[in-house]
Amino acid sequence: MVIPLLGYKKYLYYLIFNLKSNTYKMDIFVAIFLGLWFFISVIWQFQLNILLKYRGYDFIGVLPNWTFFAPNPGTSDYHIIYRLAQGDEITSDWQEVPLIVFRTSYNFIWNPDKREIKQLFDCTSSLIRLAQRCHKEQMSQHLLTNNLCTCVPYLLILNTVNSFSFKYSDANASHIQFALVESFGLHSEESPRPILSSPFHQTAIRTSNHEYAHVF
Amino acid sequence: MNTPTYFRIVIILFTIGQLITTTELLFLYNKGNFSDRGAFPWRIISLDINTWLNNKYAAKILDYLLNKYLLYILILELILLTLLPFITIHTWTFTFVALILVVCLLLIQLRTTYGGEGSDQMALILVVAIFLGLNKYSSQLSEKYCLYFIAFQSCLAYETAGVAKIISKKWRSGEAVYQIFSTGSFGSLGFSSLLKRSGYLSLFLCWNVIIMEITFPLCLVVPLPFSYIILFWGVTFHLFNAVFMGLNSFFWLFTATYPAILFVISNLNIYP
């Protein structure tokens, strides 16, 4: 990158007379660092199988995949529904955790709620990918359930459901089950489709001073 | 215009976008979303990170920074963002402020592993380029590298998105825009009703996006009036996305890359 920007003569001059300066070292570092970052970013866009297994380790998102709604655009909404049980008896109907909120007039400037929706989207996509991988590896149902129930996206959804039911539902329920459902747009006549149904989990416990206690 | 002037405009647009993002995160913090019973509980999100780190001291430091003192990190970022456009570049103060901002953004990216979006990643690219290009030791050459880097990352983003769309049948047939706008997550009831009535409008919008994204990198090499048209097309596209899809941060953080693109155009000077 240095050569096209400066020309060969200037580049040689620059190389010879600035070897010891901090500015020179910084220029070299910046060129190598940003050059490498851009190069890897380009390779990353191809989503090669060999690289995809490292995707989970990019917690910071330094390597973005810029496909934005493509090739498969997000044409459905994900919903979390849950029901409660007391001992062996189911005590409530399926209820929805209301995450999707319709756009307001100021959302083009200020839109904090988008992150919760995006999180549900990310978690559901991760769960679907994990389930597909388990099927591909011909895992038993027991192992598949084990894998799903202990992964971070699953626990995040369970936490969301648990917190919501703790606030708004029967406080005496001892167990909770949730399901992820996919619906197909505001004008669609297609019925919503269940994606995943969890086993029953112990609910969040109300402690003596009405605080929230964790169960997992 | 000289290199620092282009960088100044990048900084202003980046600051506006990032101020909005940070205040949104503070709002979510205030709502309890980052607490144990919120949507982004650190005790769960940290599981994968801690397994990967496999170091209890690092885990403890991250717990302090991203759980106990997250509020302070967000407030610190807000203050530094407010100061950034007013600090003289290539000084120790600028270097220090920009470096702390890089660290803050990295930490917040780590905290929002789930629920983060493309604009956050562009923000990280911008802040690293601002730090590397305008610190105490960087020369005019480093400034150029950084502006080139921002411009190329931006072009890569549009090109990838465009290619991914043109290989999709749903995008080519015009279904995609209508279906996306029909969702509650990204859609708009009024606009999706309009699209339902007019299939041609949906087809037009799909191809409009595909052509805009695929041709975007050409803005670096075509004659200047055409470059302006492509960039104006991009601004309109992001404004539309902000208004109808609620993608507000994308508008600021992607248009923040445009001054860098303008710099590259003038630097390449293919059509003098």
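The values are calculated or read from the model by the stated rules, or taken from the named source; none is laboratory data. It should be emphasised that the depicted structure is a prediction, and the values quoted were computed from it without experimental measurement. Cβ: placed from backbone, ideal geometry, glycine included. Neighbour counts: every protein chain shown. Ligands, DNA and RNA are stripped out before the accessible areas are found, and what is left, the full protein with its side chains, is counted by its heavy atoms. Shrake-Rupley method; radii C 1.70, N 1.55, O 1.52, S 1.80 Å.
Could you please let me know if B:Leu124 is under 20 Å from A:Met26 (Cα atoms), under 18 Å from the mean Cα position of the chain (by Cα) and open to solvent by less than 20 Å² (accessible area, probe 1.4 Å)? Criteria met by B:Leu124. Find the residue count for the range B:190-221, including only residues that are loosely packed, with under 15 Cβ neighbours inside 10 Å and either aliphatic (A, V, I, L, M) or over 30 Å from A:Leu186 (Cβ atoms) (or both). Residues flagged as loosely packed, with under 15 Cβ neighbours inside 10 Å and either aliphatic (A, V, I, L, M) or over 30 Å from A:Leu186 (Cβ atoms) (or both) within the range B:190-221 amount to 4. Return the residues of the range B:1-34 that are at the interface with chain A (Cβ under 9 Å from one of its Cβ atoms), of a type in the set (S, T, N, Q) and outside any helix (DSSP H, G or I); say none if nothing qualifies. Once the filter is applied, which keeps residues that are at the interface with chain A (Cβ under 9 Å from one of its Cβ atoms), of a type in the set (S, T, N, Q) and outside any helix (DSSP H, G or I), the range B:1-34 yields only B:Asn33.
The set of residues in the range B:94-142 being among the basic types (Lys, Arg) and within 15 Å of B:Leu74 (Cα to Cα) consists of B:Arg111 alone. Hey, among the residues in the range B:222-272 that are more than 14 Å from chain A (Cβ to nearest Cβ) and not in a helix (DSSP H, G or I), which one's surrounded by the most Cβ atoms within 10 Å (Cβ to Cβ)? The extreme case among them is B:Ala256. Taking the criterion of being facing another protein chain (nearest Cβ under 10 Å) and either buried (at least 17 other Cβ atoms within 10 Å of the Cβ) or closer than 14 Å to B:Leu110 by Cβ (or both), the residues of the range B:37-50 that qualify are B:Arg37, B:Gly38, B:Ala39, B:Phe40, B:Pro41, B:Ile44, B:Ile45, B:Ser46, B:Leu47, B:Asp48, B:Ile49.
Of the residues making up the range A:111-147, not one is surrounded by fewer than 19 Cβ atoms within 10 Å (Cβ to Cβ), in a loop (DSSP other than H, G, I, E, B) and within 7 Å of chain B (Cβ to nearest Cβ). The residues of the range B:73-121 that are surrounded by 18 or more Cβ atoms within 10 Å (Cβ to Cβ), more than 10 Å from chain A (Cβ to nearest Cβ) and closer than 22 Å to B:Leu62 by Cβ, listed by number, are B:Ile73, B:Leu74, B:Glu77, B:Leu80, B:Leu101, B:Cys104.
It is to be established whether one or more residues within the range B:157-171 are β-branched (Val, Ile, Thr) and either at the interface with chain A (Cβ under 7 Å from one of its Cβ atoms) or at positive phi (or both). Yes, the range B:157-171 has at least one match.
Here A:Arg103 does not qualify as out of contact with any His (no Cβ under 8 Å at 6 or more places or on another chain), surrounded by 12 or more Cβ atoms within 10 Å (Cβ to Cβ) and more than 9 Å from chain B (Cβ to nearest Cβ). Pairing each residue of the range A:29-57 that is within 11 Å of chain B (Cβ to nearest Cβ) and loosely packed, with under 10 Cβ neighbours inside 10 Å with any residue that is hydroxyl-bearing (Ser, Thr, Tyr) and in a loop (DSSP other than H, G, I, E, B), provided the two are 6+ apart or on different chains, yields no C-beta distance under 8 Å.
Being over 30 Å from B:Thr215 (Cα atoms) and more than 22 Å from the chain's Cα centre (by Cα) holds for only one residue in B:Asn135, B:Asn67, and it is B:Asn67.
For the range B:162-174, a residue qualifies if it is surrounded by fewer than 23 Cβ atoms within 10 Å (Cβ to Cβ) and in a helix (DSSP H, G or I), and the qualifying residues are B:Val163, B:Ile166, B:Lys169, B:Lys170, B:Arg172, B:Ser173. If you go through the range A:58-78 and keep only what is closer than 30 Å to A:His201 by Cβ and either more than 15 Å from the chain's Cα centre (by Cα) or surrounded by 21 or more Cβ atoms within 10 Å (Cβ to Cβ) (or both), you end up with A:Ser76, A:Asp77, A:Tyr78.
Note on the range B:122-152: residues that are farther than 19 Å from A:Ser41 by Cα and within 7 Å of chain A (Cβ to nearest Cβ) amount to 6. Taking the range A:148-199 as the range and being within 13 Å of chain B (Cβ to nearest Cβ), open to solvent by 60 Å² or more (accessible area, probe 1.4 Å) and of a type outside the set (Phe, Trp, Tyr) as the test, the residues that pass are A:Thr150, A:Lys167, A:Leu186, A:Glu189, A:Glu190, A:Pro192.
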